[in-house]
1. Report the residue count in the stretch 55-90 for those that are in a strand (DSSP E or B), out of contact with any Ser or Thr (no Cβ under 8 Å at 6 or more places or on another chain) and under 19 Å from LYS107 (Cα atoms).
2. So, in the stretch 92-115, exactly how many residues are out of contact with any Asp or Glu (no Cβ under 8 Å at 6 or more places or on another chain) and outside any helix (DSSP H, G or I)?
3. Does the stretch 85-105 hold any residues that are of a type in the set (Gly, Ala, Ser) and exposed (fewer than 13 other Cβ atoms within 10 Å of the Cβ), and which are they?
4. Within the stretch 137-152, work out how many residues are touching a Lys or Arg at 6+ places or on another chain (Cβ under 9 Å) and either of a type outside the set (Asp, Glu) or within 26 Å of ALA56 (Cα to Cα) (or both).
5. Does any residue in the stretch 87-100 that is closer than 21 Å to ALA48 by Cα and touching a residue at least 60 places away in the same chain (Cβ under 8 Å) come within less than 6 Å, Cβ to Cβ, of a residue that is part of a loop (DSSP other than H, G, I, E, B) and among the hydrophobic types (A, V, I, L, M, F, W, C) six or more places away or on a different chain, and which pairs are these?
Amino acid sequence: MFAALREARRGVARICAATMMASVFAGAFARADDVPSYCAELRQVAAAALAREKFAVILGKPRAGNFLDATVALPGWEDCAFYGPRTYTCDSHGFKTAEEGDRALAKILGEVKACLRDGWAEDQSRASPGYVVLHDARQVAAITINTDQTERGEHIVRLILFLRSR
């Protein structure tokens, strides 16, 4: 009798363990879907900003004016570059309407927050329509995400990660 009871308990324990593992893996997959395809590169750029050498490891060759190539670009974004050695910038693809740009801004903000997680927080006091600010926990760097309009009339979302002055 005790052997049968013990076997039944083991079976229930195995089912509980399997259910728990399935829910853990399902949660991990759901979170993986929340992060954007450019997450690894964004984390690399953010890590470079917070490193001792700052952006030095991802600065590329000089361009016209104060611009420099970036050796790390965000997949799906356009014209990722540095403006001087302290400001990394990328533009989204163009949208036909301002409303599409606003929707893209909201989506990108969610993606960036999901990607960088707890190390960065939104600064609501500096936000305005079409403009969002995130700060890292140490207040070394900041990210602005804003909408803009190009010379061709396209609406874009611009992501700028920069070192803050102390």
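The values are calculated or read from the model by the stated rules, or taken from the named source; none is laboratory data. The structure presented is a predicted model; accordingly, all values stated were derived computationally and were not measured. When we count neighbours, we look across all protein chains shown, and the Cβ atoms used for this are built from the backbone with ideal geometry, even at glycine.
1. 2
2. Summing the residues that are out of contact with any Asp or Glu (no Cβ under 8 Å at 6 or more places or on another chain) and outside any helix (DSSP H, G or I) in the stretch 92-115 gives 1.
3. The one that is of a type in the set (Gly, Ala, Ser) and exposed (fewer than 13 other Cβ atoms within 10 Å of the Cβ): ALA98.
4. Residues that pass the stated criteria total 8.
5. CYS90/LEU74; CYS90/TRP77
Here's the yes/no breakdown for (1) touching a Leu at 6+ places or on another chain (Cβ under 7 Å); (2) among the basic types (Lys, Arg); (3) closer than 22 Å to LEU163 by Cβ:
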residue	(1), (2), (3)
LEU42	yes, no, yes
GLU53	no, no, yes
ASP69	no, no, yes
GLU78	no, no, no
ARG86	yes, yes, yes
ALA106	no, no, no
PRO129	no, no, no
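Residues checked against (1) assigned by TED's automatic domain parsing to the domain that holds ALA98; (2) among the aliphatic types (A, V, I, L, M); (3) touching a His at 6+ places or on another chain (Cβ under 6 Å); (4) touching a residue at least 60 places away in the same chain (Cβ under 8 Å):
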residue: LYS113; (1), (2), (3), (4): yes, no, no, no
residue: ARG126; (1), (2), (3), (4): yes, no, no, no
residue: ALA141; (1), (2), (3), (4): yes, yes, no, yes
residue: ILE145; (1), (2), (3), (4): yes, yes, no, no
residue: GLU151; (1), (2), (3), (4): yes, no, no, no
